[in-house]
Amino acid sequence: MTNSAHRFQETTSSPQPGYVTRTLLRWLMRPARVAAVEVLSQHFRMVDLEGEALKGIAWAVGQKLQISMGTGLTARTYTPIYWDAERGRTRLLAFAHGDGPGSRWADALREGDSCQFFGPRRSLDFSGLEAPMVLFGDETSFALAAALRAIPRSRVSLILEATDIAESRPVLAAIGLGDATLIARATDDAHLTAASVEVATQAAGGAYFVLTGKARSIQHVSRVLKTEGVGSSRVKAKAYWAPGKVGLD
């Protein structure tokens, strides 16, 4: 992954997985159908999945779902926005974070396509957190923010860094997060000073903090919270990505 969003690239045909890989996929993955794809912007796709394998799932906000990219055992991780266990339906927000398998998968996705998934599995556990909460993150955190806001009586403030504010703002508005505080990302991370000020103003109010997104940004904000006297019991952190690395979550 890279630390900036790039244009979707044309997909190319990929070799079909071999027998061993197909067998592993049958053991690990379950099938779903793409019920709908909504293009929210150049880099964001809202994806609804449905299927029998999605029924009867005891899903919790913060859990992750891994989707096979269709080539070997390559998969990408997504945070469901909601899960309807009775109808067998879930919703994902796909963000093209660089020119990788996830970006190409989202770009090529069409209603009626089939896919395979694994999960949901634990990623962030919110069972011990109480309102109010402050979520710090970036474009990869938008889906988690929407899921948290959907919890009845939740009070969640959003502080989000973004590469393209003009693109991110209408996307957030489309998923009910139009009041989020957006901070334009700088290549030298100078914007984290402004992010720290926003976070520090929330520290004295007894809020719980959820730190997600880019690993380096999380480290910076964590240090700010420690300086402000926020104990570790009030902080949950999960790095979704770092430049040059994959598979963080």
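Structure notes:
- All of (1) over 16 Å from the mean Cα position of the chain (by Cα); (2) surrounded by fewer than 22 Cβ atoms within 10 Å (Cβ to Cβ) hold for ALA239 with one exception: (1).
- Every pair of residues 6+ apart whose Cβ atoms lie under 6 Å, when the first sits in the range 159-172 and is free of Cβ contacts under 8 Å to residues at least 60 places away in the same chain while the second is among the β-branched types (Val, Ile, Thr): ILE159/THR181; GLU161/ILE183
- Every residue from the range 92-115 that is open to solvent by 50 Å² or more (accessible area, probe 1.4 Å) and among the hydroxyl-bearing types (Ser, Thr, Tyr): SER114
- Verdict on LEU148 being closer than 17 Å to LYS236 by Cα, at pLDDT 95 or above and in a strand (DSSP E or B): no
Here is a yes/no grid of residues against (1) open to solvent by 10 Å² or more (accessible area, probe 1.4 Å); (2) at pLDDT below 95; (3) in a strand (DSSP E or B):
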{"site": "THR90", "(1), (2), (3)": "no, no, yes"}
{"site": "PHE126", "(1), (2), (3)": "yes, yes, no"}
{"site": "ALA131", "(1), (2), (3)": "yes, yes, no"}
{"site": "SER141", "(1), (2), (3)": "no, no, no"}
{"site": "SER157", "(1), (2), (3)": "yes, no, yes"}
{"site": "GLU167", "(1), (2), (3)": "yes, no, no"}
{"site": "PRO170", "(1), (2), (3)": "yes, no, no"}
{"site": "ILE183", "(1), (2), (3)": "yes, no, yes"}
{"site": "GLU198", "(1), (2), (3)": "yes, yes, no"}
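- Just one residue in the set GLU38, GLU52, GLU10 is open to solvent by 70 Å² or more (accessible area, probe 1.4 Å), at pLDDT 95 or above, within 29 Å of PRO243 (Cα to Cα) and more than 15 Å from the chain's Cα centre (by Cα); that residue is GLU38.
- The number of residues in the range 194-205 being more than 13 Å from ILE159 (Cβ to Cβ) and free of Cβ contacts under 8 Å to residues at least 40 places away in the same chain comes to 1.
- Residues of the range 143-155 satisfying the condition of being over 19 Å from ARG91 (Cβ atoms) and either open to solvent by less than 30 Å² (accessible area, probe 1.4 Å) or in contact with a strand residue (DSSP E or B) (Cβ under 9 Å, 6 or more places away or on another chain) (or both): ARG155
- Residue match in the range 58-68 (condition: at pLDDT below 90 and either in contact with a helix residue (DSSP H, G or I) (Cβ under 7 Å, 6 or more places away or on another chain) or open to solvent by 80 Å² or more (accessible area, probe 1.4 Å) (or both)): no
- Answer residue from the range 208-229, given it is within 17 Å of the chain's Cα centre (by Cα) and assigned to a helix (DSSP H, G or I) and is surrounded by the fewest Cβ atoms within 10 Å (Cβ to Cβ) among those: ARG216
The values are calculated or read from the model by the stated rules, or taken from the named source; none is laboratory data. Remember, predicted model here, so these are calculated numbers, not experimental data. For neighbour counting, all protein chains shown are included, and Cβ atoms are generated from backbone atoms with ideal geometry for every residue, glycine included. Keep in mind that these areas ignore ligands, DNA and RNA; they rest on the heavy atoms of the full protein, side chains included. Shrake-Rupley method; radii C 1.70, N 1.55, O 1.52, S 1.80 Å.
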